[in-house]
1. Compute the separation of the alpha-carbon centres of the range 195-220 and the range 231-303 and state it in Å as a whole number.
2. With just the Cα atoms defining each centre, how far is the range 33-75 from the range 451-467? Give it in Å.
3. What is the ratio of the Cα radius of gyration of the range 152-369 to 2.2 N^0.38 Å, with N the residue count, to two decimals?
4. Taking 0.36 nm per residue of separation and subtracting the Cα-Cα distance, what length does fully extending S183 through S144 add?
5. Going by Cα centres, the range 338-399 and the range 308-337 are how many Å apart?
6. For a test of understanding, tell me how many lysine pairs in the chain have Cα atoms under 30 Å apart, given they are 8 or more places apart or on different chains.
7. Could you tell me the calculated FRET efficiency between A466 and R408, based on Cβ-Cβ distance and R0 = 22 angstrom, to the nearest 0.05?
8. Starting with the highest mean, order 449-457, 359-367 by the number of other Cβ atoms within 10 Å, averaged over the residues of each peptide.
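Read the figures in this text as sums done on the coordinates, not as results from a lab. If you're wondering where the values come from, they're calculated on a predicted model, not measured in any experiment. Note that we place each Cβ from the backbone using ideal geometry, even for glycine, and neighbour counts take in every protein chain shown.
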Amino acid sequence: MLFELDRDTKVPLYVQIRHKVRELILSGALPAESRLPATHELAKALGVNRTTVVTAYRGLWREGLVQGRAGGGTVVALPGRKREAPHPIDQPLLWDDLYTERVPALFPWTSAPRLPADEEPLNFARGDPATDLLPLDSMWEGLSEVKRQGHAPLRYAPPQGDPELRARLAESLELRGMRASPSQILVLSGGGQGIYLAAQAFLERGDGVVVESPTHPEALRIFRAVGAQLRPVPLDEGGLRLDVLEETLSRLRPKLIYVTPTFHNPTGITMPTERRERLLELACRYRVPILEDDPFPGLCYDGESVPPLAALDRQGTVLHLSTLSKVFAPGLRIGWLLAPRPVAERLTLLKSSIDLCTSPLSQAVATALFPRRLSRHLETIVPIYRSRRDTLCAALVREGANALRFSRPAGGLFLWATLAHDLLAEPLLEEALAEGVSFLPGAPFFPWGYGGERALRLNFAAHPKATIEEGMRRLGSALRRTARRARQGRRECEREEAREEAFV
């Protein structure tokens, strides 16, 4: 096994040796079970240090091309794998056989409910804000400002984000009680990217992550994709149950806590300040960071806003995540993460390996919106969203036939309702689609899809009042029909049981 090494190239000698031996193995010149020369023998023959050959052999071992044999040195391992017969070229590639376990399986709820093509759906399953209230005037004003910047917004931006945008974000966060500097802020391509970065940065395969049950389906998909073990903690009327959380932290030692404490998606619950402080104490005691998702900043309809966890944090425990998607324009794809400065720097390096930078054009538009135009937009939409929420609540009371229970959310975009008696959301959705209206059933919000069988989420912000009224009229009709079928089913079961008892 002799070959020449190029000593004039910059390619390291151990890399050249590994490549040469690999070629000999793959070409068949070194067949199965062939013994490679001892490292000192090959080193002497090639005129290199023995360590150089050892390093080359180690690389081949990691590739699975060679293996150690007791008393036999290093031998070729490749034909332990049978050569695979080629498939006929007219057969399609079987993509389902190639996915890794990180790619989530498809479930019925992973796509939006479908209606007949000739019908216009009244879609209350959607997760975006009202399209009829998108701030087009502010967008055009912002774009005019961007136009005056020339070609600057069309060049690459720094991976951490545009400095001026980060400065304005820092000012906005300071107004909400968070201690923030531009160096602590990472601009994102939407809020979901922040969840993904945190998962990649802190969760190895098999690590535990605490999630609320129910919680945001996108977060569940991301945590599953990185191979994390979900540690669900149930909610009560005040949010995350801290008694269950403490047991989880003590016994299972998770590495991350993911929560949406303000206008929780999907339930709309807002965690009281006292419980937030207790949550921070537990996180500090068990040395577990918190990823706080805050997708609805400013969308408060009742009472005073509660300070974010990051505003109460004094130990640098919280990563605060937010976005423009739910309060301004989803298409901008702008989010941000507030983190301790060393964490922000490391996450910036990680983000740059995923995308070089968040769209500079979108960042330039977002910079033009902060803070004046965004505040003006919030002043416009908050009273409208409040009125739409109240319309939906009144319509549910009227049309629900005492079969729906819900709490009036104090903010956000969604209302969470639970079906009474033995009604289930999936049969109701089938009836609702027949009526031309849709909602999102509760199962996708629970880890593994177990739970929420009697729950549904409705977006009250996305539609004007007249559409809400009509949509709930259709939903009420579907609900009454579902209830009748459920009663008929119960009666049939009772008759069947009676016949079995009589026979006995």
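1. Cα centroid to Cα centroid, the span is 14 Å.
2. Value for the Cα centre distance between the two parts: 65 Å.
3. Working it through for the range 152-369, the quotient is 0.97.
4. Details: separation 39, 0.36 × 39 = 14.04 nm, distance 2.80 nm.
That works out to 11.2 nm of additional length.
5. For the range 338-399 versus the range 308-337, the Cα centre distance is 8 Å.
6. Lysine pairs meeting the criterion: 10.
7. Plugging the Cβ-Cβ distance into 1/(1 + (r/R0)^6) gives 0.60.
8. The most tightly packed comes first, giving 359-367, 449-457.
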